[in-house]
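Asker: Let me begin by handing over the structure; questions about it come next.
The values are calculated or read from the model by the stated rules, or taken from the named source; none is laboratory data. For clarity, every value in this text was computed on a predicted model and none was experimentally measured. Virtual Cβ from ideal backbone geometry, glycine too; neighbours counted across all protein chains shown. Please note that ligands, DNA and RNA were not included when accessible areas were found on the heavy atoms of the full protein model with its side chains. Shrake-Rupley method; radii C 1.70, N 1.55, O 1.52, S 1.80 Å.
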Amino acid sequence: MNANVLMAVCETLGWKYSLQNNILLVTEVGNDSNFNGEFALRLDVSTNEVTYNTYYMPNVHVKVEELKEKFQELNAEYSKNALISEFEKNGFTYRSNYTFTPTEEERFSFYMEAKSYDPLEDEPFASIKFTILKDGTIITDSDYLPNDVNEKAHEAMDILEQHLGNKRVMTKKPVPAKYLSKMKPRRTINLNQNS
């Protein structure tokens, strides 16, 4: 879970909280809540472990569901904005997906586009389609990407992985035969064998 999104959720819901050492303590969940100095919810941001105070809050499960629902809504928006920002820093341009209609599961869809500056590249323009699910999960779809554009996309995704607080899962489509000879290994490292 992303701590910034969690804090935004608490602010949106009007809940009082504090964050220290990756522990978010919710101490009020509305005007009529009184926990006698105890927490209502304790969220460990690094492990996603939630502890609730059922003694002072018998309806805790309702509040947890309220938190989850609002978190997913804000996390999808956060994922979209963070992705666009990071890709633009790496030379990509945003393009809307005009045919997309949001659904319960899929909240956003758009394209990030870039141009290759490799003089040997005969297909210099590249487009990556992004779909953001309701929980903030990012799904990518693209065909051939020139090597320099592919590197920039990976660099942006590496930064996003840190910002979003979760690992990305990449699945590869079969590479059409006409592109096999154009592809280069990503981030090759030359080791000095004479040491």
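Asker: Do you know which residues across segment 1-57 are assigned to a helix (DSSP H, G or I) and open to solvent by 70 Å² or more (accessible area, probe 1.4 Å)?
Answerer: Scanning segment 1-57 gives Asn4, Glu11, Thr12.
Asker: On the given criteria, is Tyr144 open to solvent by less than 70 Å² (accessible area, probe 1.4 Å), at pLDDT below 95 and either under 30 Å from Asp32 (Cβ atoms) or outside any loop (DSSP other than H, G, I, E, B) (or both)? Spell out the reasoning first.
Answerer: Numbers: open to solvent by less than 70 Å² (accessible area, probe 1.4 Å): yes; at pLDDT below 95: yes; either under 30 Å from Asp32 (Cβ atoms) or outside any loop (DSSP other than H, G, I, E, B) (or both): no.
Criteria not met by Tyr144.
Asker: Only one of Glu69, Glu65, Glu88 is touching a strand residue (DSSP E or B) at 6+ places or on another chain (Cβ under 9 Å) and surrounded by fewer than 15 Cβ atoms within 10 Å (Cβ to Cβ); which?
Answerer: Glu88
Asker: State whether the residues of segment 61-80 include one that is small (Gly, Ala, Ser), at pLDDT 85 or above and under 30 Å from Phe125 (Cβ atoms).
Answerer: yes
Asker: Working carefully through the options Glu77, Glu155, find the one that is in contact (Cβ under 8 Å) with a residue 40 or more places away in the chain, open to solvent by 60 Å² or more (accessible area, probe 1.4 Å) and not in a loop (DSSP other than H, G, I, E, B).
Answerer: Glu155
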